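A.B. asks: One structure follows; several queries about it will come next.
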Amino acid sequence: MHLDPLAILTAFGLIFLAELPDKTMFASLAMGTRMRPLYVWFGTSSAFIVHVAIAVGAGGLIGLLPDWIVKLVSAALFAFGAFMLLRSGGGDDDEDQEVRTVTGFWPVYSTAFMAVFISEWGDLTQITTANLAASNGAWSTAIGSAAALMSVSALALLAGRFIAKRVPLKTVQRIGGLCMLALAIWSVIEIFTG
């Protein structure tokens, strides 16, 4: 098992920026206001770890393809991620769903787990994790991605209201989109220079 610190930091940075404006962050924030935050965090973190494992497995299969195809697929996925982040409106998914108060570890844990597990299928961060695993290594990507997703959930639970008031989410989306666009361009350049 080889761990690449740069790959871990790359995965962490990209996934963190991509997940910040995601609906999952807002779901964590909403659940944390009505449920015990630590229990919510355990539930969301477990769901994220399952999704990272699935994404890294898919990325490992992608890694069996010829190098130029992997780079081309990576470039396309990064470009798609950049497009999604740069075009999204930021506040159009404000759904004020009524959430009943849930107490006890298992009910809160399972509610948080299922909310994240269902909503993250095919999500930008899952696609990005698979993409990074194909090119940067499975373990490094898994560690960086899982840490980023769990950090965003913790951030939403502990300081979500403060961030929402101080940092415009459109700004975070634009920074993440520009980073993804840069990675798409870099992946295309690597096809011709690698």
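Readers should treat all values here as calculations from the given coordinates under stated rules, not as data from a laboratory. What you see is a predicted model; the values in this text were computed from it and never measured. Cβ placement follows ideal geometry from the backbone for every residue including glycine, while neighbour counts extend to all protein chains displayed.
A.B. asks: Could you list the residues of region 14-31 with an amide nitrogen less than 13 Å from a label point located 7 Å from the Cα of ILE49 in the Cα-to-C-beta direction?
C.D. replies: none
A.B. asks: If you take the beta carbon distance between LEU65 and PHE192 as r and set R0 to 25 Å, what does 1/(1 + (r/R0)^6) give as a FRET efficiency, to the nearest 0.05?
C.D. replies: The value I calculate is 0.90.
A.B. asks: I've got another one for you. What is the spin-label model distance, in nm, from LEU72 to LEU158 if the labels are put 7 Å beyond Cα along the C-beta direction?
C.D. replies: Output for this residue pair reads 4.5 nm.
A.B. asks: Would you calculate the separation in nanometres between label points at LEU3 and LEU38, each defined as 7 Å from the Cα along the Cα-to-beta-carbon direction?
C.D. replies: 2.5
A.B. asks: Still on this structure: For ILE185 and SER110, compute 0.36 nm times the residue count separating them, minus their Cα-Cα distance, and round to one decimal in nm.
C.D. replies: Net length gain for the segment: 23.0 nm.
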